[in-house]
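*Asks:* Structure provided below as structure tokens; questions to follow.
The values are calculated or read from the model by the stated rules, or taken from the named source; none is laboratory data. Please read all numbers here as calculations on a predicted model, not as lab measurements. Cβ sites come from the backbone with ideal geometry, for glycine too, and all protein chains shown count toward neighbours. Accessible surface is based on the protein model in full, side chains and every heavy atom, while ligands, DNA and RNA are left aside. Shrake-Rupley method; radii C 1.70, N 1.55, O 1.52, S 1.80 Å.
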There are 2 protein chains.
Amino acid sequence: MAGRSTQPGRGVVAKALDVLDAFDGARDGLALTELSRRAGLPLSTTRRLAADLVEHRVLERLPDRRYAVGRRLWRLGLLARVQGDLRDVALPFLQDLYDATRENVHLAVRDGDAALYVERLHGRTSVPLVSRAGGRLPLHATGVGKVLLAHAPQDVVSAAVAHATKATPYTITEPGRLLRELAEVRRRGYARTVQEMTLGTCSVAVPVVDGDGAVVASIGVVTATRREPTRHLAPLRVAAGGISRALHHPLA
Amino acid sequence: MAGRSTQPGRGVVAKALDVLDAFDGARDGLALTELSRRAGLPLSTTRRLAADLVEHRVLERLPDRRYAVGRRLWRLGLLARVQGDLRDVALPFLQDLYDATRENVHLAVRDGDAALYVERLHGRTSVPLVSRAGGRLPLHATGVGKVLLAHAPQDVVSAAVAHATKATPYTITEPGRLLRELAEVRRRGYARTVQEMTLGTCSVAVPVVDGDGAVVASIGVVTATRREPTRHLAPLRVAAGGISRALHHPLA
């Protein structure tokens, strides 16, 4: 089974994923040379794979000849269960939370050493942010990330604390202070950040638990710093409770 | 270039996409035999490809051994430009529209012979629907679909009219009546449906135009039939105008 007939196939899927991964942070498109460099593949391999992916509409060719991720991959991605379960269950509650706050509303899960943003709702009056659905941000520097980190396994916490870097001058990265803050997040049941990820913004976030009480996600609200985020704690907790119950009793 | 070294690669990408396409309408997972049947591939090929895709976290193996689309594909799909441009531009306006109506809000584009739902917002009080982001519905039977069809090329209209099927007893499929309705949609600037896609629901939808006045998308509101949907025309038109202007002047 691991002979000549299967080996090329393995290689192609792995390389195609290297090509697709290269578009993280480059949604406006990549030229072939940049795509090759980011994917860590030879130019000729990249050109052949990219042409193949364009032919199958997984990638698109922009008018300026750069490559971009195509609509077909977007459609396929939305078939994933991360959407089917947590996102679909949570969306009406997130919508209610947005109604109540008119601020940026986030739903995030831990994906290894990062907070993966499953959904972001925001309106015209919400403060602009770098977060987006499908994007990843550091666990230690965001509200939802701190909640997820506070309930992560010890090895994840150790690695995050050891490698914490400053996104702004206000990001808490000192190991002792960060660990004390995570204990505080567990104790009081919410995280609060001020200008740790984006200057001029602050956040508050709470855990979403499953039927066994395990923290499976976090929801948070991000506002401009002139507004105290903890005033949104009550609707946040109501929404988190609703999502937790809906995850526990899918038919309720 | 089309020799032995590239041919296996082409085959693998195409077959992997056949496997992934099989999950359309099957987000709860597929057993291997069903996956093989839907993908139109031999069982052994399907098993090998699925194992490869699981290894790369494109697919996931559920506790009951069925396969499902994995989180990695979801993340990759959200790198697509369909999200980066239209969806990101439109989302704040859709949010405002939801605020104003508390009903299901849809953003759709034409994808060949179907309406592709780019976004769906809804709250706890909105009527349940079959639509979802990334899903496709017939052009002739939905509000946003009728708007897109009314502004589609003649060959698309001819094919849609010739192949229109009934989703409910109320779906308009008679060619003459459907064509007259499309002309009416163009004349009055909106589409209105009553129980044509889902019993008990009705919809109203308007076009979103680009800088050249071409219809590039449609937004619509779906309500329970006891509420007249055209009362939502005013906020719909305001939101469509806002999206159109933002598409035209990205920095405005």
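*Asks:* Would you please give the residues with an amide H less than 5 Å from that of residue A:209, counting only those at least 5 places away or on a separate chain, with H modeled from the backbone geometry?
*Replies:* A:216, A:244
*Asks:* Moving on to the next point. What residue among A:139, A:178, A:76 shows peak mean-square fluctuation when chain A is described by a Gaussian network model with Cα springs under 10 Å?
*Replies:* For chain A, modelled as a Gaussian network with Cα springs under 10 Å, the answer is A:76.
*Asks:* Please report the buried accessible area for the interface of B with A, total over both chains, probe 1.4 Å, in Å² to the nearest 100.
*Replies:* 5900 Å²
*Asks:* Helix-only estimate, please: 222 nm mean residue ellipticity of the protein assembly as shown, summing -39500 (n - 2.57) across DSSP H runs of length 4 or more and dividing by its residues, to the nearest 500.
*Replies:* Result for the protein assembly as shown: -12500 deg cm²/dmol, rounded to the nearest 500.
*Asks:* Go ahead and set up a Gaussian network model of chain B, Cα springs under 10 Å, then flag whichever of B:153, B:229, B:92 fluctuates most.
*Replies:* B:153
*Asks:* Region A:19-38: which residues show an accessible-area loss of 40 Å² or more, assembly versus chain alone, 1.4 Å probe?
*Replies:* Buried by 40 Å² or more upon assembly, which counts only protein chains, are A:21, A:27.
*Asks:* Within region B:147-252, which trypsin sites (Lys or Arg not before Pro) sit in a loop by DSSP and count at most 13 neighbouring Cβ atoms inside 10 Å?
*Replies:* Answer by residue number: B:166, B:226.
*Asks:* Let me ask you something else. Assuming R0 = 51 Å, what is the FRET efficiency of residue A:195 and residue A:65, from their Cβ-Cβ distance, to the nearest 0.05?
*Replies:* Computed FRET efficiency for residue A:195 and residue A:65 comes out at 0.80.
*Asks:* Please list 3J(HN,Hα) in residue order for region B:61-70, calculated via the Karplus relation 6.51 cos²θ - 1.76 cosθ + 1.60 where θ = phi - 60°; whole Hz, with x for glycine and proline.
*Replies:* 9, 7, x, 8, 6, 6, 9, 9, 5, x
*Asks:* List the residues, sorted by chain then number, that are 5 or more residues from residue B:115 or on another chain and whose placed amide H is less than 5 Å from its amide H.
*Replies:* Under 5 Å from the amide H of residue B:115 lie the amide H atoms of B:137, B:139, each far enough along the sequence or on another chain.
*Asks:* Shifting gears a bit: So with the 1.4 Å probe, I'd like the accessible area per residue for chain B, rounded to whole Å².
*Replies:* Ligands and nucleic acids excluded, the result is 43 Å² per residue.
*Asks:* Over the protein assembly as shown, what percent of the accessible surface lies on carbon and sulfur atoms, probe 1.4 Å?
*Replies:* Carbon and sulfur together cover 53 percent of it.
*Asks:* In debye to the nearest 20, how big a dipole does the protein assembly as shown give about its Cα centre with +1 on each Lys and Arg Cβ and -1 on each Asp and Glu Cβ?
*Replies:* So the magnitude is around 220 debye.
*Asks:* Oh, and also: May I ask you to list, by number, the DSSP H helices of chain B whose Cα span along the axis is at least 15 Å and whose average Kyte-Doolittle hydropathy reaches -0.5 or more?
*Replies:* B:7-21, B:43-55, B:88-101, B:233-248
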